[in-house]
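K.L.:
Provided herewith is a single structure, encoded as structure tokens, for subsequent inquiry.
The values are calculated or read from the model by the stated rules, or taken from the named source; none is laboratory data. What you see is a predicted model, and the numbers here were worked out from it, not measured in a lab. Every residue, glycine among them, receives a Cβ derived from its backbone with ideal geometry; neighbour counts consider all protein chains shown. For accessibility, only protein heavy atoms count, side chains too; no ligands or nucleic acids. Shrake-Rupley method; radii C 1.70, N 1.55, O 1.52, S 1.80 Å.
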Amino acid sequence: MLSGGMISPQPGAGPVSSAIAISVDALSARYGGNTVLDNVTLEIRRGSSFALLGPNGAGKTTLLNILSTLRRPDGGSARVAGADVVRQQTAARRSLGVVFQDSSLDDRLTAWENLEFHGLVYGMAPRHRRERSETVLALVELEDWRDEIVRSFSGGMRRRLEIARALLHEPQILFLDEPTAGLDAQTRVRIWRYLDELRRTRELTVLTTTHYIEEVEGADTICIIDRGRIIAEGSPEALKAEHGSRWLHLTPRDAAALEAIRAARPDAQLLGAHGLALPADDGASTDAFLTAFRDRLTEVRFQDPTLESVFLSLTGRQLRDRADDRRNADKAAGRRGGRR
Amino acid sequence: MNGVVMALRGLYGVWLREITRATRDRAQLIGGISRPLIWLLILGVGLNPYFRGEVYGEVRFVIPYTYLQFLFPAVIVLNIMYTSIQFAVSVIWDREFGFLREVLVSPMPRWLILLGKVLGGATVATLHGALVLVLARFADVTLSLDQVAVALALMFVLAFGLTSFGVILAARVRSFEGFGVFSNTVILPLYFTSSSIFPLDPALTRAQQAVTYPEWLVFLVQINPITYAVDALRGVLINFNQFTPGWGIGVIVGMAVLFFVVAIIDFARQ
Amino acid sequence: MSAVRNRWIRPAVNLLIVVLTLTALSYLPPDTSLADRQKSGVLKLCVPPSYPPLVTADAQQPGFDIELTAKLAERLGLRLNVNRLSSIGTDFNPRNWSLTRGQCDIIAGGVADTVQTRSFLETIPTPIETGWVALSNTGQLPAAGGSVVVLPGTSGLDRLQLSGWLRRQSLQVIPARSPQQFVDVLASGRAAAGITERFLTAGMALPPGSRTFWLPDAQFSRFRMALGLWKGDQTLKRALLSALQATEAAGELEALESRYHVETIGKAP
């Protein structure tokens, strides 16, 4: 198992306390008899983009709830922006912006009123509140909808408004729980670009939880979590390098060629009816193979390691259970439909 | 100092949200006027012939007021009860649809969040109570500005207590449907046993009272705190008290304090 | 700022609609009492045969209440029908007067605007004041142990309060059944003073030298005399009230008061 030791303060980045945005020490949580978080230890550097990747029920949301002071841990401790999440809740909350997995907007208020409410609850002065509201609404391109009741918003618009709201009070740390699901690619890119800029200029720390690979490719650090335990942590490249494999996908010219290749390389795996896949991590043997069989292949392609394959090789399971996903989507839609 | 200003902004924000939601909701306003109309216009007028005098010296209810006047303060209390206790729906709504988390991760302390919500609910309930005052002319209740001011203050404190009571109920009820049934089974019995639509005549001795009404009913009326709230409002609006005037105010303030404290304890536990 | 304005427009409109609706509805008549009178064209007034100066037997000066009611009826376009009923005032319990809705629309000539009265009737107070008065040669009540004759009358003053107070003053009470008996007891000297309701003294042949004075204000409040209406006759009451206000505004009420010498409110009778 990998620990948080892979992340260390950058040389000359000042005292550790100021460079660390979130630190989690031997945290555990239980629901009834089930252990949801098991001795989790993490450190997240200020200004970084940190992703918690894991399947549904891995304990990501529980961890986020503890960090946002909504739930008390059953063991261990955690600090957010230097404030203990149990003993210094108010200070911890003040430094946080949270986007929850399910909508937490008031859908009987307008977009503007939702922002106004947030600004008031965070004690922002009237002028500052108005200026920030304009800014964040522009960021998520909802200026034209500011006086519309949220009930009439699409899922994507609600999501954007929630992100805008979480940024309104200029938090040091932003939690995004399954954040950009339902957003179109353009908006997603725009929001991430803005967040990246905030990370650079204001050292905003972004903590994302997701079970979508696409969300985390841009993160500095990925932490793979499964059944309440951290099973790997590092940059996407480092994880792929360590746990992923590069494969050579090829299509032999005929059945004879296929048999010949399988005879020469027993580690080759069948891909469909006519294709083959060879492990390609060893460059020298791959080169030798290609030289030998060049004339008997119709198609050759290198497949780089993906995080999906990393997760597969670490847990032996697919990251996403598609049927499970569909069920969740149905549930969410049913709930929205039942809303008055 | 700065902390106080920030806390007040937060309080205002939570309050404002409740007001905005309630005043935007036409259905709620319609409820707020249909009840006084049913009770004053329909019931009050419909039963009027049964309570008016036919022979001088002989009336069913020996009170120095007409039935409409007698009913009038009780209808205000009924309207406040409904709006206050139905306010719990807003609490359940917040919890079920995730909005509660938005508030809980904010730097506002929980008791302040609850105070804001209860103040908001109480303001709306007081407004609904005040709507009944518009019908004062119909019920032949003449009101001075002083009376209206004192009545509004009492109504607000009553609404505050009942709204807190609604929050306590909300913490114990899981679903909207369950709450709808539940609130009716709470509100209507409380209303009917509060001496709202029939007097326990203070001119009669206790023995005679028990003859007029069975002991158990008199007992129910006497232990019902709403009885004293209605009585206090009668004292202010039509200058008629069935009980020691101070009791009503004491019970109203007591309910507000007690229910709010319990509500805070409940809310902190969530 | 526009957002702030927009937000309150809808609630304000909602509220305005509600208040206007309620205000409009509050003008609905709650009963048919006025409509019924207007249909028949007659307003029936019940009074005792005599209760000076509110009701007298003199056709030239029929009494304050009768003239006032006549003016009100005129303003409502109704013909006043005066019923002089000897049963009124014969018993302290008005139930035994057997006045019914069929006989009377208004009961007057000795109705005080007290809680007792309002338990049974709706009242329209007139400017005339009443209360307990005492009569004696000294202008004072006798010392403890003395006797007073009491004629409680039937206008609705609180007799229980009076008897409790007299008991605390250690005064012996001689109850009188009629004004004649009251005067007789006073004249015979069996009682040093008499206590009765203000206007009952007006019709009495009082012994010479007797002085009349209010009982102490601290214990006994004074009351306005009133026109009594049946409970539940709200529309009639409202019409009469506004007619009374119009009469007052026209100065007719004041003229009436000075004609009957009842304007001395607050002064000893």
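K.L.:
Mind checking which of C:PRO207, C:LEU244, C:LEU229 is farthest towards the positive end of the range C:151-269's charge dipole, using Cβ charges of +1 (Lys, Arg) and -1 (Asp, Glu) about the Cα centre?
P.N.:
Going by the charge dipole, the pick is C:PRO207.
K.L.:
Suppose we look only past 41 Å in the calculated P(r) of the protein assembly as shown. What percent of the Cα-Cα pairs does that tail hold?
P.N.:
Tail of P(r) above 41 Å: 57 percent of Cα pairs.
K.L.:
With θ taken as phi - 60° and the coefficients 6.51, -1.76 and 1.60, list the Karplus ³J(HN,Hα) couplings across the range B:162-177 in order, rounded to whole Hz; mark glycine and proline as x.
P.N.:
Values per residue, Gly and Pro as x: 6, 5, 4, 4, x, 5, 5, 4, 4, 5, 9, 10, 8, 10, 4, 4 Hz.
K.L.:
Less than 17 Å apart at the alpha-carbon level, and either on another chain or at least 8 residues along: which aspartates and glutamates does that give for A:LYS240?
P.N.:
A:GLU214, A:GLU215, A:GLU217, A:ASP220, A:ASP281, A:ASP282, A:ASP304, A:GLU308
K.L.:
Under 5 Å between amide hydrogens, which residues at least 5 positions from A:LEU248 or on another chain qualify, with H placed 1.01 Å from N in the peptide plane?
P.N.:
Distant-sequence amide H within range of A:LEU248: A:LEU278, A:ALA280, A:GLN303.
K.L.:
Further question: Inside 10 Å of the C-beta atoms of B:92-101, what's the mean count of C-beta atoms belonging to other chains?
P.N.:
Per residue, the number of nearby Cβ atoms from other chains is 5 on average.
K.L.:
If you don't mind, another one. Using a 1.4 angstrom probe on heavy atoms only, work out the carbon and sulfur share of the accessible area of chain B in %.
P.N.:
Carbon-and-sulfur percentage of accessible area, whole number: 71.
K.L.:
Sort B:70-77, C:100-107 by the packing proxy (mean of other Cβ within 10 Å over each peptide's residues), most packed first. The partial results should precede the final answer.
P.N.:
Numbers: B:70-77: 26.2, C:100-107: 20.0.
Order by mean packing, descending: B:70-77, C:100-107.
K.L.:
What residues of the range C:217-263 lose no less than 20 Å² of accessible area with every protein chain in place versus their chain by itself (probe 1.4 Å, heavy atoms only)?
P.N.:
Output list: C:TRP230, C:LYS231, C:GLY232, C:GLN234, C:ARG238.
K.L.:
Give me the 1.4 Å probe accessible area per residue for the range C:132-214, excluding ligands and nucleic acids, in Å².
P.N.:
Per-residue accessible area for the range C:132-214 comes out at 48 Å².
K.L.:
Could I ask something else about it? Give me the inter-chain shielding for C:19-28: mean count of other chain Cβ atoms within 10 Å, whole number please.
P.N.:
5
K.L.:
While we're looking at this one, here's another question. Per the Cauchy relation, a quarter of the hull surface: what is the mean projected area of the convex hull of the alpha carbons in the range C:132-214, in nm²?
P.N.:
4.7
K.L.:
Roughly how many debye, to the nearest 20, is the charge dipole of the range A:149-292 about its Cα centre, given +1 on each Lys and Arg Cβ, -1 on each Asp and Glu Cβ, and no other charges?
P.N.:
The calculation lands at about 640 debye.
K.L.:
If we count every other residue with Cβ under 14 angstrom of B:PHE260's Cβ, Lys/Arg +1 and Asp/Glu -1, where does the sum land?
P.N.:
Overall, the nearby charge balance is +1.
K.L.:
Turning to a different aspect of this structure: Quick one: which residues, 5 or more positions from C:LEU80 or on another chain, have an amide H under 5 Å from its amide H? H modelled 1.01 Å from N in the peptide plane, none for Pro or chain starts.
P.N.:
Here the answer is C:LEU43, since their amide H atoms fall under 5 Å of that of C:LEU80.
K.L.:
With unit charges on the beta carbons (Lys and Arg positive, Asp and Glu negative) and the dipole taken about the Cα centre of the protein assembly as shown, which residue among C:THR100, B:GLY248, A:GLY272 sits farthest to the positive side?
P.N.:
Positive-most Cα among the choices belongs to C:THR100.
K.L.:
Sticking with this structure for a sec: Note the angle between two axes, namely the Cα long axis of helix A:255-264 and the longest principal axis of the Cα atoms of chain A, as a number of degrees from 0 to 90, rounded to the nearest 10.
P.N.:
Taking the Cα atoms of chain A, the angle to A:255-264 is about 80 degrees.
K.L.:
A further question on this structure: Given the C-alpha centroids of the range B:22-79 and the range C:103-127, what is the distance between them in whole angstrom?
P.N.:
Taking the Cα centre of the range C:103-127 as reference, the centre of the range B:22-79 is 23 Å away.
K.L.:
For C:VAL42 and C:ALA205, what is the calculated FRET efficiency with R₀ set at 25 Å and r taken between the beta-carbons, to the nearest 0.05?
P.N.:
Efficiency at R0 = 25 Å is approximately 0.10.
K.L.:
Percent of accessible area on the range C:132-214 owned by carbon and sulfur, 1.4 Å probe?
P.N.:
The value for the range C:132-214 is 50 percent carbon and sulfur by accessible area.
K.L.:
Take the Cα radius of gyration of chain B and divide it by 2.2 N^0.38 Å, with N its residue count; two decimals is plenty.
P.N.:
Compactness ratio reported: 1.07.
K.L.:
Using +1 on the beta carbon of Lys and Arg, -1 on that of Asp and Glu, and nothing else charged, what's the dipole of the range C:132-214 about the Cα centre, debye to 20?
P.N.:
On the way: 7 positive and 3 negative charges, 26 e Å.
Result for the range C:132-214 is approximately 120 debye, rounded to the nearest 20.
K.L.:
Want the number for B:LEU188 to B:ARG172: 0.36 nm per residue separation, take away the alpha-carbon distance, what's left?
P.N.:
So the extension gain works out to 3.8 nm.
K.L.:
Same structure again: Computed on protein heavy atoms with a 1.4 Å probe, what is the summed buried accessible area for the chain pair A and B, in Å² to the nearest 100?
P.N.:
Counting protein atoms only, the buried area is about 2800 Å².
K.L.:
Something else about it: Mind giving me the nanometre distance, one decimal, between the label points for C:ASN93 and A:VAL300, set 7 Å out from Cα along Cα→Cβ?
P.N.:
According to this spin-label approximation, the distance is 12.3 nm.
K.L.:
Mind ranking A:83-91, A:99-107 by how tightly packed they are, going by the mean number of other C-beta atoms within 10 angstrom, highest first?
P.N.:
Answer by packing, highest mean first, reads A:99-107, A:83-91.
K.L.:
Enumerate the calculated ³J(HN,Hα) couplings along the range A:206-212 in order (Karplus 6.51 cos²θ - 1.76 cosθ + 1.60, θ = phi - 60°), each rounded to whole Hz, writing x wherever the residue is Gly or Pro.
P.N.:
10, 10, 10, 10, 6, 10, 9
K.L.:
How crowded by other chains is B:126-137, given as the mean number of beta carbons from other chains within 10 Å of each beta carbon?
P.N.:
3
K.L.:
Calculate the FRET efficiency for B:TYR12 and B:LEU143 from the Cβ-Cβ distance with a Förster distance of 45 Å, rounded to the nearest 0.05.
P.N.:
Working: r = 30 Å, r/R0 = 0.68.
Result of the calculation: an efficiency of 0.90.
K.L.:
Quick check on chain A: take the gyration tensor over C-alpha atoms, sort the square-rooted eigenvalues as a ≥ b ≥ c, and tell me if it's rounded (a/c under 1.5), prolate or oblate.
P.N.:
Cα axes put chain A in the prolate bin.
K.L.:
Using r as the Cβ-Cβ distance of A:THR135 and A:ARG262, and R0 as 56 Å, what FRET efficiency do you calculate, to the nearest 0.05?
P.N.:
0.35
K.L.:
State, to one decimal in nm, how far the label point of A:ARG227 lies from the label point of A:ALA185, with both points 7 Å from Cα in the Cβ direction.
P.N.:
Distance between label points: 3.7 nm.
K.L.:
Please list, in chain and number order, the residues 5+ apart from C:LEU171 or on another chain whose amide H is under 5 Å from its amide H, with Hs placed from the backbone.
P.N.:
Correct list: C:GLY145.
K.L.:
Run the simple label-point estimate for C:GLN103 and A:GLU197 please: 7 Å along Cα→C-beta, distance reported in nm.
P.N.:
9.5
K.L.:
Something else now. Can you give the helix-only mean residue ellipticity at 222 nm for the protein assembly as shown, where every DSSP H stretch with n ≥ 4 adds -39500 (n - 2.57) and the sum goes over all residues, rounded to the nearest 500 deg cm²/dmol?
P.N.:
Here the helix-only value at 222 nm equals -15000 deg cm²/dmol.
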